[in-house]
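In what follows, a single structure is set out as structure tokens and then discussed.
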Amino acid sequence: MSGVDWSLLSDFLKRHERIVLTTHIRPDGDALGSEMALAHALNRLGKDVRCVNTSPMPPRYDFLDPDRRIFHHYQDDGSSNYLLRDAQALIILDLSSWSQLGRFGNWVRQFRGPRLVIDHHVSRDTDLAQTFLVDTSIEATGRLVFEAIRHLKVNISPEMATGLLTAIAMDTGWFRHSNTSADTLRIVADLIDSGAPISDIFKKIFERNTLGRLKLVGKTLASLQTAFDGRVAWATITRQALEDVGALPTDAEDLVDYTVSVGGVELGFLLTELPAGGIKLSLRSRGSIDCCLLAGEFGGGGHRAASGATLPEPIDKAVEAVLKAVERHIDR
Ligand SMILES: [Mn+2]
């Protein structure tokens, strides 16, 4: 169990009927699975729920919303207003900082209703919401949403179970990372009992590669380099590389994991040129280096073992800057 007091959520829900859910830019499995599961649960409670996200839906996760009715991509030209006009309250999932809200942050800043965060990230902007239901020791926001749904006494439907299993599986590296515990697997067992098709979910996420994505894996691996006597490894993905193989930026989601799969590597990072400019830094630690502190040097954040930030271009300067920062954090 987390240390979250879920009665704060039930009080919040008693006061509001029309609720907007949102999650972070470039949403991952935890973000989307948590959001979708909570949306279904709140629907069961008779709430009017809209999921409005700052980024479009990555094709990889389209199975979470097969009829394309749940997730809406926020447009700041006014065309999303019909979804937001009568909203009474906002629930923000899997993030605690303004920078992770992207353009949707502009709408959130002017929104007069109450805001509640459900999250497990370390970094926190205290003015993002009035209520923070956060436990940074928990492996996935999906697990917090699982607890929330139980607290709300809603039966977990196969759809909710699918979202929650996706969320927990993706934030634990499909139950391989050190944040996987016996409790993680007990919850997963419950979710399978509730109708989550675990093997199907795996196939949908990992066995629907496009040729472009696989070729991108090849290019990314070809760019791998090491430093600090093989304790640090990194790879880069340029916009040109994406274009050459016909891959989407979302195809790069978990390629950073290859950097820490090299024997002896304690810290790995991936730098990806973003379509709209800037460089996305993804960090992974398998040793004593705290990724969150390192990402913090570039205005980012996350967890001890996995964090991210955005750096200015060009990409070779970004590599230099990260290696300089690593030098300050690595013990010799
Ligand atoms: Mn998460």
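No lab work stands behind these numbers, since they all come straight from the coordinates. Keep in mind that what you see is a predicted model, and the values were worked out from it rather than measured. When we count neighbours, we look across all protein chains shown, and the Cβ atoms used for this are built from the backbone with ideal geometry, even at glycine.
Below are the figures for this structure:
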read-out: All lysines inside 24 Å of LYS324 as judged from Cα atoms, apart from same-chain residues fewer than 8 positions distant; value: LYS280
read-out: Choice from LEU274, LEU21, LEU38 showing the highest fluctuation, given a GNM over the chain with Cα pairs closer than 10 Å; value: LEU274
read-out: Least to most buried among HIS16, HIS121 (fewest other Cβ within 10 Å first); value: HIS16, HIS121
read-out: Centroid-to-centroid separation of the stretch 177-200 and the stretch 62-119 [C-alpha atoms, Å]; value: 28 Å
read-out: Ascending count of other beta-carbon atoms within 10 Å, so fewest first, for THR210, THR259, THR166; value: THR210, THR259, THR166
read-out: Tail fraction, Cα-Cα pairs, the stretch 211-329, threshold 26 Å, whole percent; value: 12 percent
read-out: Equivalent ellipsoid, the chain (semi-axes from 5 times Cα gyration tensor eigenvalues, Å); value: 32, 21, 20
read-out: Anchor LYS215: aspartates and glutamates whose Cα lies under 15 Å away (excluding residues fewer than 8 positions away in-chain); value: GLU207, GLU243, ASP244, ASP251, GLU253, ASP254
read-out: Residue pairs, from the table LYS14/LYS203; LYS153/LYS203; LYS47/LYS203; LYS219/LYS317, whose Cα atoms sit over 29 Å apart; value: LYS14/LYS203; LYS153/LYS203; LYS47/LYS203
read-out: Theoretical ellipticity at 222 nm over the chain - DSSP helices of four or more residues, -39500 (n - 2.57) apiece, nearest 500; value: -11000 deg cm²/dmol
read-out: Neighbour-count order for SER285, SER123, SER7, fewest beta carbons within 10 angstrom listed first; value: SER7, SER123, SER285
read-out: Distance (nanometres) between label positions extended 7 Å along Cα→Cβ at PHE228 and THR210; value: 3.5 nm
read-out: Percent of beta bridges antiparallel (DSSP, the chain, rounded to nearest 5); value: 40 percent
read-out: Euclidean distance of C-alpha centroids, the stretch 267-309 and the stretch 233-259, integer Å; value: 15 Å
